[in-house]
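Note sheet for the following structure.
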């Protein structure tokens, strides 16, 4: 594993108010084993930013670049050296400052503003597009699809105890170009519009583009309904799970029809895992909730030409990938706490930067977890108490005992502590005014 340096152009992924999308030039440093992995990390890193990759101009080992640049002695070379030194196994990608390109040369056509528009803009004739709907998020998805005149296949086998009835929670693979496949029904645009009217919340569907066709995608996704993960990440819930022969890994359900799940999993994957997930597919599109979208209205991941062929066997996620998934979940919760703190902190704490609030929220989450806090509201309250006491409350044996061993749950005890603190602050403010 070494540091790689790449020069690239990126474009805004979030449509702006005017009719153009601004483009920027920048440098990126990547910690990777080879060029393929470096490009992969950059591509997936951009998924959690408000930018899309337009052009990758150069990508090579940082040592080679810096050796060739020694004679120039420019500020740019110094910045790139610092950038390369900032990446490691714990921080795979780091971007430098963005430089906006000239408007005449940099302007590009405004991208689709919604997932529906993006799906309609795809070349579905040369590379068919299919929708996979998350049955667990509907009351009765098979009936809804039947009533809506959609051609769909369940991605789960019917269980014997169900009497041959389809599972209501099974993901359903929906054909979008029904007319050209000989089905009686709507054209591709008509079907897409009708499907979005049905699903309402776009996070309940993931759209797969597969030039190999319906059957290839169907059998691929059927084989990807479950994923192997290290058993140590199951949290003790292993009673009904299939395991590998070595018992170090276990199968769990892969929610490849849930946009929020895909937004967490795909950016964390290494090259081999991502290639195996995509299988015969050219690309995947989905619109997760804003918390998972990196500020984007929707996400499109096209299969890079640098990916290797999918490896045979089940999809497996390594420990490093699982750690990245968990880190993203923690980052999301920390961001929610930062938003809360920005709204509720007293005026004398409003000078704190987002970075400072993030550090405080992360530290409070760690100490709160050790006290047994569960809900986001409890972690938010605990973070508030930690900030206004400059961290002293987390070190108080009496407070920790009150929260951890009080009459109520730790979450309830923190709420009591918060209420008492607010009463004290209000009384102090009243006394000062008097």
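Throughout, read-outs are computed from the coordinates displayed, never taken from laboratory work. Quantities reported herein were computed from a predicted structural model and do not represent experimental measurements. Virtual Cβ from ideal backbone geometry, glycine too; neighbours counted across all protein chains shown.
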- Message: Using a 7 Å offset from the Cα along the Cα-to-Cβ direction at both residue 190 and residue 404, what is the distance between the two label points in nm, to one decimal?
- Response: 6.6
- Just grab the label-to-label distance for residue 140 and residue 248, each label 7 Å out from Cα along the Cβ direction, in nm (one decimal). 4.8
- Given the options 226, 400, 193, state which has the largest fluctuation in a GNM of the chain using a 10 Å cut-off (strictly under) for Cα springs. 400
- Item | Pairwise FRET efficiency - residue 89 versus residue 197, Cβ, R0 = 35 Å, nearest 0.05 | 0.15
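Go ahead and estimate [θ] at 222 nm for the chain from helices alone: -39,500 (n - 2.57) per DSSP H run with n ≥ 4, summed, over the residue count, rounded to 500. Provide the component values of the computation, followed by the final result.
Values: 16 runs with 177 residues, N = 434.
It lands at -12500 deg cm²/dmol.
Fewest Cβ neighbours within 10 Å first, please rank 12, 326, 273 accordingly. Present the calculation step by step, with values, prior to reporting the outcome.
Working: 12 18, 326 13, 273 21.
Lowest count first: 326, 12, 273.
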- Query: In whole angstrom, how far apart do the alpha carbon centroids of segment 382-397 and segment 38-64 sit?
  - Reply: 40
- Task: Determine the distance separating the Cα centre of segment 249-286 from the Cα centre of segment 187-203; give it in Å without decimals.
- Result: 23
- If you build a Gaussian network model of the chain, linking Cα atoms that sit under 10 Å apart, which residue out of 409, 337, 99 swings the most? 409
- Query: Given (i) 48; (ii) 38; (iii) 56, which label gives percent of Cα pairs over 33 Å apart as computed from the coordinates?
  - Reply: (i)
- Query: Expressed in nm to one decimal, what extension gain is obtained for the pair residue 309 and residue 64 from 0.36 nm per residue of sequence separation less their Cα-Cα distance?
  - Reply: 85.3 nm
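Report relative contact order for segment 324-433 in percent, whole number only (criteria: Cα-Cα under 8 Å, sequence separation at least 6). Write out the running numbers ahead of the final one.
Working: 78 pairs, mean separation 24.7, N = 110.
About 22 percent, as a whole number.
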- Note on the structure: Among 174, 30, 334, the residue with the largest mean-square fluctuation in a Gaussian network model of the chain built from Cα contacts under 10 Å is 334
- Task: Fewest Cβ neighbours within 10 Å first, please rank 127, 353 accordingly.
- Result: 353, 127
